[in-house]
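To start, the structure itself, in structure tokens.
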Amino acid sequence: MPALTCLFLAEGVGILLLYSWVFYDRLIVAVILSPYLFFFVKKQRCNAIVKHREKLASAFTDGMEAVTSALIAGYSIENSFTEALPEIELLHGKKSVIYASFARISNLLKLNVQIEEAFDEFASESRIEEIQTFSQILNYAKKSGGNLVSIIKNTTTNISEKIEVKREISTIISAKKMEQSVMNFMPLGIVVYMRLTSSDMFGVLYGNALGIIVMTVCFALYLVAKYIADKIVDIRV
């Protein structure tokens with residue numbers, strides 16, 4: 001995450017420099033706008049966390065499907081997680097979060113830790129709704145003495161279908177977000193184009209009080225429009 005934070009910080013500085021040059025022709029204005037970096041980095045970190053959780057939720061269903069296959073083949077709960085590890089490694093790599101999580105669950109089960117306890121720990125660390133739901137169902141199944149294999153299989157199927165629907169919706173939303181990002185850049189692109197091709201026309205807007213007022217109003221309107229556009233496409237599935 002520190003590496004991502006540095007990347008987001010560099011991206012934010014670049015945006016501030018662009019705003020300063022486009023609207024004021026003074027890169028020093030970026031220093032005045034620097035508080036924006038705090039909000040920008042915070043937002044980007046939140047987006048990165050959401051993407052990480054979506055990826056982990058999808059990987060979780062892959063792992064549980066591998067566990068279910070092992071259970072159906074006749075392996076015990078303890079051995080099913082061990083048997084699932086090679087398939088998880090093939091799909092997501094040995095250094096992935098899901099591989100490390102399932103390997104830990106497998107080790108806990110070998111130490112005679114109850115499966116619901118091992119999953120409770122995983123669910124609380126992941127903070128992912130689907131994994132927490134699975135953990136709650138697993139707790140209930142163990143207490144009620146139901147068919148654990150059938151419950152794990154059905155729950156995994158339901159969660160997998162839910163995640164697949166969320167993935168399809170996210171794909172549609174991502175396309176709209178891309179369109180919105182292009183539209184956000186269009187006003188800046190037009191100003192940059194005009195500055196490069198008709199510098200005399202835009203020259204009167206820089207270096208004088210009236211020009212600064214006009215460009216500040218334009219900048220404020222641009223930020224408001226961008227904020228509204230971001231809110232419209234900011235749909236959490």
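Which angle from 0 to 90°, rounded to the nearest 10, does the C-alpha axis of helix 115-126 make with the longest principal axis of the chain? The angle comes out at about 0 degrees. Of the options Ile152, Val192, Thr216, report the single residue whose Cα projects farthest towards the positive end of the charge dipole of the stretch 135-233 (beta-carbon charges: Lys, Arg +1; Asp, Glu -1). Checking the options against the dipole of the stretch 135-233, the answer is Ile152.
When +1 charges are put on Lys and Arg Cβ atoms and -1 charges on Asp and Glu Cβ atoms, the dipole computed for the chain relative to its Cα centre reaches about 560 debye.
Treating r as the C-beta distance of Leu18 and Ala175 and R0 as 22 Å, the FRET efficiency rounds to 0.30.
A Förster distance of 35 Å, applied to the separation of the beta-carbon atoms of Leu7 and Ser69, puts the FRET efficiency at 0.35. Distance from the Cα centroid of the stretch 126-167 to that of the stretch 76-117 is 16 Å (rounded to whole angstrom). Using a probe of 1.4 angstrom and keeping all protein chains present, the accessible surface of the chain works out to 61 square angstrom per residue. Which of the aspartates and glutamates could a cross-linker bridge to Lys162, judged by Cα under 15 Å and excluding same-chain residues fewer than eight apart? Filter leaves Glu54, Asp62, Glu65, Glu129, Glu130. Beyond 27 Å in Cα-Cα separation lie the following of the pairs Lys110/Lys142; Lys51/Lys142; Lys95/Lys177; Lys153/Lys177; Lys43/Lys153: Lys51/Lys142; Lys95/Lys177; Lys153/Lys177; Lys43/Lys153. Count Lys and Arg as plus one, Asp and Glu as minus one, and take only other residues whose Cβ is under 15 Å from that of Met201; the net charge is then -1. The relative contact order of the stretch 114-229, computed from alpha carbon pairs under 8 Å that lie at least 6 residues apart in sequence, is 13 percent. For the cross-link pairs Lys143/Lys166; Lys176/Lys226; Lys42/Lys226, the ones whose C-alpha atoms lie over 19 Å apart are Lys143/Lys166. For Gln44, the shell of other residues with beta-carbons less than 14 Å away shows a net charge of +2, using +1 for Lys and Arg and -1 for Asp and Glu. Expressed as a whole percent, the accessible area of the chain that falls on carbon and sulfur atoms is 64 (1.4 Å probe).
The values are calculated or read from the model by the stated rules, or taken from the named source; none is laboratory data. Since the structure is predicted, the reported quantities are computational estimates derived from the model, not experimental observations. Note that each Cβ is placed from the backbone with ideal geometry, even for glycine, and that neighbours are counted across all protein chains shown. Side chains included, ligands, DNA and RNA excluded: accessible areas come from the protein's heavy atoms. Shrake-Rupley method; radii C 1.70, N 1.55, O 1.52, S 1.80 Å.
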